[in-house]
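*Asks:* Starting off with a structure, shown below.
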Amino acid sequence: MKAEILRFDGAVERDPAIDAWMDEHRGELGSIAQAWFEVMRRCGDEVRELLHDGCPVVCLGDAPFGYVNVFTAHVNVGFFHGAALPDPARLLQGTGRFMRHVKLKPGMEANTSALNRLIEAAYADIKARVEHG
């Protein structure tokens, strides 16, 4: 049985609601979220975005692959199919059937190369899921 791909209506090339969200989340945590969301935005020409469940989400067309969210003391950089991603640096947290996230805190040294590889892998993963069903 083929797994269904989650789809979101309303994803656009650049969503002004996300810029407004970023404006509301200033400071260190907001800067962390914005920096990693920009990395996700640059994954490819087909990347679209929307605000879903109160946080910025990136999609390949209408199929989501990543998000950021700001909490009181940390930022999550999350992946909709994170459980399927290779994670040799063991950055991913969570126990859900599909989703995983990386928790980033101000002052904490982030493994930027490993997180960049996770983002690239999440984009490649959703691209394969969309193209090959």
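*Asks:* Among the residues that make up region 83-92, is at least one of them under 10 Å from the mean Cα position of the chain (by Cα) and modelled with pLDDT of 95 or more?
*Replies:* No: zero hits.
*Asks:* Would you mind stating whether ARG100 is basic (Lys, Arg), surrounded by 13 or more Cβ atoms within 10 Å (Cβ to Cβ) and farther than 15 Å from ASP125 by Cα?
*Replies:* So ARG100 does not fit the description; no.
*Asks:* On to the next question. Only one residue in ALA84, ALA73 is surrounded by 14 or more Cβ atoms within 10 Å (Cβ to Cβ) and of a type in the set (A, V, I, L, M), so which one is that?
*Replies:* Of ALA84, ALA73, the one residue that is surrounded by 14 or more Cβ atoms within 10 Å (Cβ to Cβ) and of a type in the set (A, V, I, L, M) is ALA84.
*Asks:* Take region 16-45 and flag every residue that is in contact with a Gly (Cβ under 9 Å, 6 or more places away or on another chain), touching a residue at least 40 places away in the same chain (Cβ under 8 Å) and surrounded by fewer than 17 Cβ atoms within 10 Å (Cβ to Cβ).
*Replies:* Passing the criteria: only GLU28.
*Asks:* List every residue pair whose Cβ atoms sit under 6 Å apart, with the two residues 6 or more apart in sequence or on different chains, where the first one lies in region 70-85 and is over 16 Å from ILE18 (Cβ atoms) and the second, anywhere, is of a type in the set (Lys, Arg) and in a strand (DSSP E or B).
*Replies:* So the pair list comes out as HIS74/LYS103; PHE79/ARG100; GLY82/ARG100; ALA83/ARG100.
*Asks:* Applying the selection to region 113-133, what residues are out of contact with any strand residue (DSSP E or B) (no Cβ under 8 Å at 6 or more places or on another chain) and crowded, with 17+ Cβ neighbours inside 10 Å? Talk me through it step by step, then tell me what you get.
*Replies:* Our first condition is that a residue be out of contact with any strand residue (DSSP E or B) (no Cβ under 8 Å at 6 or more places or on another chain); within region 113-133, this holds for 113-114, 116-117, 120-121, 124, 128, 131-133.
Matches in region 113-133: ARG117, ALA121.
*Asks:* Return only the number of the condition from (1) closer than 14 Å to LEU6 by Cα; (2) at pLDDT below 95; (3) in contact with a strand residue (DSSP E or B) (Cβ under 7 Å, 6 or more places away or on another chain) that ALA110 does not satisfy.
*Replies:* (1)
*Asks:* Restricting to strands (runs of 3 or more DSSP E) lying wholly in region 24-133: which have 2 or more residues that are over 20 Å from GLY10 (Cβ atoms)? Please lay out each step first, then the result.
*Replies:* Numbers: elements: 47-52, 55-60, 63-70, 75-79, 100-104.
Output list reads 75-79, 100-104.
The values are calculated or read from the model by the stated rules, or taken from the named source; none is laboratory data. The model shown is predicted, which means the values in this text are computed figures rather than measured ones. In this analysis, Cβ positions are derived from the backbone assuming ideal geometry, glycine residues included, and neighbour counts consider all displayed protein chains.
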